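> One structure is given below, represented as C-alpha cells, and several questions about it will come after.
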C-alpha cells in the first residue's frame, strides 16, 4: 500500500512586481502552512519523499510544514511541478521508487484538485463532500492506494481518506 499527500500551497500575495513563480506567501499563508504541518504530525504522516514545486509560494509552504515532520525523508524541488495541469504531476509520481511508500507533494491548483478527483475512486464521506465544495489554499488531501509500485498509478485507483482545510482546524 502507498499513500499520497497532496498539499496545495498557502495563500500567496497578489503582487504585480513579482512574476507568478516568485509570489511569496502572505502571513495567512505562513500560518496555514504551520497548521497543516501540525496536522501531518498529529496524523503521524511521515513521508519518505517530498516533491515540491519550484514556485516560491510552494517552497515557503514546505518550509512551514518541515519543522513538524518526524523521521527521515528526501526533498526534491521540481520545476515540472510548477504546473496547473495534472499530466506533469502524474509523470513525477510514476517515477517514484517503490521503496518510498509515502509521498507528500506540494503544488498548485487546479492540478491538485483535479488530480485528487481523478485518483479517488471512493473515500470518506466528509472528504468527498469537501472535494465537491472547494480545494482552498493549503488544503491537504490524503489518498491511499492498494499497490506498491507508483509506476502503475492511474485514475480511479485510490481512496480519499482525508481532505483537510486550514480554517476547519481552528
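The values are calculated or read from the model by the stated rules, or taken from the named source; none is laboratory data. Fair warning: this is a prediction, and the values are worked out from it, not measured in the lab. Virtual Cβ from ideal backbone geometry, glycine too; neighbours counted across all protein chains shown.
> Among the residues of the range 48-58, write down those that are farther than 12 Å from residue 7 by Cβ and either at pLDDT below 95 or in a helix (DSSP H, G or I) (or both).
Residues of the range 48-58 that are farther than 12 Å from residue 7 by Cβ, as a first pass: 48-49, 54-56.
If the condition is that a residue be farther than 12 Å from residue 7 by Cβ and either at pLDDT below 95 or in a helix (DSSP H, G or I) (or both), then 56 is the only one that fits.
> Give 131, 81, 160 a once-over and let me know the one that is under 15 Å from residue 9 (Cα atoms), in contact (Cβ under 8 Å) with a residue 24 or more places away in the chain and either buried (at least 20 other Cβ atoms within 10 Å of the Cβ) or within 15 Å of the chain's Cα centre (by Cα) (or both).
Residue meeting the stated conditions: 81.
> Pairs only if they're at least six apart or on different chains, beta carbon under 8 angstrom, first in the range 93-112 and closer than 20 Å to residue 36 by Cβ, second buried (at least 17 other Cβ atoms within 10 Å of the Cβ) and at pLDDT below 95; list them, first residue then second.
Once the first residue is closer than 20 Å to residue 36 by Cβ and sits in the range 93-112, its partners that are buried (at least 17 other Cβ atoms within 10 Å of the Cβ) and at pLDDT below 95 give 102/45; 104/45.
> Please go through the range 95-133 and give me each residue that is in a loop (DSSP other than H, G, I, E, B) and either on the phi > 0 side of the Ramachandran plot or in contact with a helix residue (DSSP H, G or I) (Cβ under 6 Å, 6 or more places away or on another chain) (or both), ordered by number. Before the answer, list the steps.
Keep residues of the range 95-133 that are in a loop (DSSP other than H, G, I, E, B), which gives 95-101, 108-110, 124.
Listed by number, the list holds a single entry, 96.
> Only one of these is modelled with pLDDT under 95 and either part of a helix (DSSP H, G or I) or crowded, with 17+ Cβ neighbours inside 10 Å (or both): 63, 151, 45. Name it. Before you say what the answer is, go through the steps one by one.
Working: 63 fails: modelled with pLDDT under 95; 151 fails: modelled with pLDDT under 95.
After ruling out the rest, the residue left standing is 45.
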